[in-house]
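**Student:** Questions regarding the structure given below will be posed in turn.
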Amino acid sequence: MPFLVAANALVPVPAHRELRALRHKASQALARARLVHSWPALRRRDLAPAELIKIMHLCHVGSAYGGGWVADSLLHGHDLVYSIGVGEDISFDLELSKLASCRIVGIDPTPRAAAYVAAATGLPKGYTFVPVGLAAASGSRRFYFPANPAHVSMSLVHDSGAGHIDCEFLTLSDLMARLGHTYVDLLKLDIEGEEYAILADWLARSAALPVGQLWIEFHPSRAATTPEATLALVQQVKTLGFIPLHNGQNGYLMLNTRCVAVSARARWHLCTRAELIPV
């Protein structure tokens with residue numbers, strides 16, 4: 001075995017296999033230390049936002065235009081995701097399916113969105129598209145075209161003067177009932193202004209929502225409101241059990257502490273990843 005001279009002494013240099021074994025032992029020891037340190041916090045259901053951020057991996061999924069933030073350490077294979085408002089950008093859906101192998105339902109009443117998804121290749125296995133919209137009340141609603149015909153995003157609340165069509169919209173409870181679901185692990189909302197009315201409806205009902213994570217993109221200009229009013233609305237949503245984990249400038253990632261239960265497998269996953277640091 002070769003030797004190195006260190007501190008006036010001959011020190012043996014382990015072979016490559018021995019070095020690999022030492023690294024493996026060190027990695028196991030570090031993992032056990034993380035688990036022991038984080039276990040009490042992970043067992044609690046009343047974690048403060050700062051504590052949650054420290055033990056979760058928050059990441060941006062998808063493109064800058066059509067993506068959103070998720071706590072991917074809480075997502076696992078076969079979890080259910082509603083991606084509401086896909087337009088002509090399904091980068092969020094595609095990247096998320098690779099990240100966590102989730103069951104993803106794309107939802108959008110826009111005709112161009114339906115045509116885009118129908119023509120798309122490489123869709124995840126089991127990917128479903130539903131051509132309806134999400135709104136504060138179910139029924140047929142007037143859906144306005146964008147002022148620029150090159151754009152795809154239509155809106156329930158913003159009349160650009162470019163015309164409209166009538167489309168079917170459902171509340172979240174009616175949508176889940178139609179699809180036969182009782183719980184959604186991740187709900188992504190990008191619905192061009194209607195998010196304000198939906199949140200107001202949820203707050204008025206004060207009912208527990210069967211949603212684990214909520215990424216919601218806000219469009220204050222379309223809804224004729226302000227960023228300050230948006231922030232105040234986010235603060236009110238806390239009364240439903242949601243806590244904001246990340247401010248993505250144009251949207252918020254929120255975790256429903258009344259629903260999310262961290263499994264033993266997830267605990268180990270959270271505690272042993274070196275990159276679990278605040279965004």
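No lab work stands behind these numbers, since they all come straight from the coordinates. This one's a predicted model, so the numbers in the text were calculated from it and none came from an experiment. Reconstructed Cβ throughout: ideal geometry from the backbone, glycine too, with neighbour counts over all protein chains shown.
**Student:** Where does the charge balance sit around V132 when Lys and Arg score +1, Asp and Glu -1, over other residues with C-beta under 11 Å from its C-beta?
**Tutor:** -1
**Student:** Taking the Cβ of A120 as the center, what net charge do the other residues with Cβ under 11 Å away carry, scoring Lys and Arg +1 and Asp and Glu -1?
**Tutor:** Result for the local shell: -3.
**Student:** Residue by residue through the stretch 211-221, what is 3J(HN,Hα) from phi via Karplus (6.51 cos²θ - 1.76 cosθ + 1.60, θ = phi - 60°)? Round to whole Hz and write x for glycine and proline.
**Tutor:** 9, x, 10, 10, 9, 10, 9, 9, 10, x, 5
**Student:** Please state the shape class of the stretch 177-224: rounded when a/c is under 1.5, otherwise prolate if a/b exceeds b/c and oblate if not, all from the C-alpha gyration tensor.
**Tutor:** Note, shape of the stretch 177-224 comes out prolate.
**Student:** Gain in length, A114 to S160, computed as 0.36 nm per residue apart minus the alpha-carbon separation, to one decimal in nm? Can you show the working numbers first?
**Tutor:** Working: separation 46, 0.36 × 46 = 16.56 nm, distance 2.17 nm.
14.4 nm is the gain from fully extending A114 to S160.
**Student:** If I stretch the segment between N148 and T239 completely, what's the gain in nm (0.36 nm per residue apart, minus their alpha carbon distance), one decimal?
**Tutor:** Contour length minus the Cα-Cα distance gives 28.9 nm.
**Student:** Once amide H atoms are built 1.01 Å from N in the peptide plane, which residues 5 or more positions from A135, or in another chain, come under 5 Å H to H?
**Tutor:** Residues meeting the amide H criterion: L170, T171, L172.
**Student:** Just flag the chymotrypsin sites (Phe, Trp or Tyr not before Pro) in the stretch 94-171 sitting in loop per DSSP whose Cβ has no more than 16 other Cβ atoms within 10 Å.
**Tutor:** Passing sites in the stretch 94-171 do not exist.
**Student:** Same structure, new question: Sorting check: for 252-260, 212-220, which peptide has the highest mean count of neighbouring beta carbons within 10 Å, and how do the rest follow? Before the final figure, lay out each step's value.
**Tutor:** Working: 252-260: 20.3, 212-220: 22.6.
Going from most to least packed, we get 212-220, 252-260.
**Student:** Does the stretch 108-183 come out rounded, prolate or oblate by the C-alpha gyration tensor, with a ≥ b ≥ c the root eigenvalues, rounded set by a/c under 1.5 and, if not, prolate when a/b is larger than b/c and oblate if not?
**Tutor:** Numbers: a/c = 3.02, a/b = 1.21, b/c = 2.50.
Oblate is the answer for the stretch 108-183, as a/c is 1.5 or above yet b/c matches or exceeds a/b.
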